[in-house]
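A.B. asks: Have a look at this one.
The values are calculated or read from the model by the stated rules, or taken from the named source; none is laboratory data. As the structure is a computational prediction, the values presented were derived from the model and not from experiment. Neighbour counts run over all protein chains shown; Cβ positions are idealised from the backbone, glycine included. Accessible surface is based on the protein model in full, side chains and every heavy atom, while ligands, DNA and RNA are left aside. Shrake-Rupley method; radii C 1.70, N 1.55, O 1.52, S 1.80 Å.
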Amino acid sequence: MGITWVLLAAVLFGVGSVAQAAVLAAPGVTWMAMLRHPAFVAGTLAEALGALAHVMALQTVSMAVAQCAVSGSLAVTALAARWWFGARLGLRGIAAVGALSSSLVVLASVAGQSGTATDTAVLEVGLFVTAAVVGLAGLAGAVAGRAWSVAACSGLGFAACSTAVKLVDLTHPLSALTSGPALAAAVTGVLGCLWWTVALRLGTVTTVTAVVVVSEVVPPSLLGPLLGDEVSSAFYLVAPLVLAVAALACTVLARSGAAQAPAPVVGKSVPEPVPA
């Protein structure tokens with residue numbers, strides 16, 4: 001059942017990303033018009049449902065396997081962007097998406113089984129420090145207009161949110177809502193969504209998604225053993241290779257045609273913004 005949740009999250013994340021990007025690509029769209037646009041609302045709802053499916057996956061599979069939902073969403077995003085925007089990745093871009101997705105799947109395959117995470121004061125402090133860093137660094141990147149920097153902060157926010165969710169004790173729902181991990185999950189999740197939206201305004205959806213994928217998937221996957229997940233003997237050998245491949249793939253995507261603003265296909269216009 002855990003894999004079903006993972007696949008569902010991947011589809012929802014990918015489709016939701018492109019729906020939001022379609023609104024953000026419209027010329028002259030304001031923040032208020034964006035928030036009221038049906039396509040952006042639908043995309044946000046898809047992202048929220050994807051996050052819920054991701055939470056369900058975290059209850060039954062290891063962190064690395066659950067994070068593969070984000071990896072799969074990159075392929076969904078690339079295909080949906082091709083259909084909606086007519087954006088062509090080119091052979092290098094397609095190879096980069098394939099290499100990135102495959103490497104993260106390999107990381108998940110050596111991650112082992114899910115374990116029971118134990119909440120500690122050190123982990124909680126680390127989550128709130130991460131939230132502060134993500135907030136400040138994301139703001140700096142937004143002011144400087146660096147899409148990759150803001151996207152990285154978005155991914156780290158989502159990564160911290162997933163880690164915090166893993167620490168929430170759902171056997172006591174009422175007390176769980178007021179726990180430190182639940183608060184950390186809410187704060188980092190909001191920051192992840194905020195910087196995700198800003199990054200989409202600064203860059204193209206496929207490139208931004210690639211950066212978010214790496215920064216969201218890799219840290220929690222590496223932290224899995226500290227959260228009680230079992231790992232195989234090959235994990236510590238594979239993890240550095242995955243990091244290297246992921247970094248190279250993102251570099252290729254950033255330099256490929258995906259980094260350029262795609263032109264809409266004839267007969268498929270970008271949704272008009274709603275007047276503010």
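A.B. asks: Among the residues of region 25-38, write down those that are in a helix (DSSP H, G or I) and open to solvent by 30 Å² or more (accessible area, probe 1.4 Å).
C.D. replies: Trp31, Met32, Leu35, Arg36, Pro38 - these are the residues of region 25-38 that are in a helix (DSSP H, G or I) and open to solvent by 30 Å² or more (accessible area, probe 1.4 Å).
A.B. asks: Can you name every residue in region 148-164 that is modelled with pLDDT under 90 and surrounded by fewer than 24 Cβ atoms within 10 Å (Cβ to Cβ)?
C.D. replies: Correct list: Trp148 only.
A.B. asks: So, one more: Select from region 1-24 the residues that are more than 13 Å from Ala80 (Cβ to Cβ) and either of a type in the set (Phe, Trp, Tyr) or open to solvent by 40 Å² or more (accessible area, probe 1.4 Å) (or both) and write down the one among them that is modelled with the lowest pLDDT.
C.D. replies: Only one residue fits best here, namely Met1.
A.B. asks: Being in contact (Cβ under 8 Å) with a residue 24 or more places away in the chain, out of contact with any helix residue (DSSP H, G or I) (no Cβ under 7 Å at 6 or more places or on another chain) and of a type outside the set (Ser, Thr, Tyr) is the requirement here; does Cys153 meet it?
C.D. replies: no
A.B. asks: Of all residues in region 212-230 being of a type in the set (A, V, I, L, M, F, W, C) and modelled with pLDDT under 85, which is surrounded by the fewest Cβ atoms within 10 Å (Cβ to Cβ)?
C.D. replies: Leu226
A.B. asks: In region 45-54, how many are open to solvent by 40 Å² or more (accessible area, probe 1.4 Å) and either free of Cβ contacts under 8 Å to residues at least 60 places away in the same chain or in contact with a strand residue (DSSP E or B) (Cβ under 6 Å, 6 or more places away or on another chain) (or both)?
C.D. replies: Residues flagged as open to solvent by 40 Å² or more (accessible area, probe 1.4 Å) and either free of Cβ contacts under 8 Å to residues at least 60 places away in the same chain or in contact with a strand residue (DSSP E or B) (Cβ under 6 Å, 6 or more places away or on another chain) (or both) within region 45-54 amount to 4.
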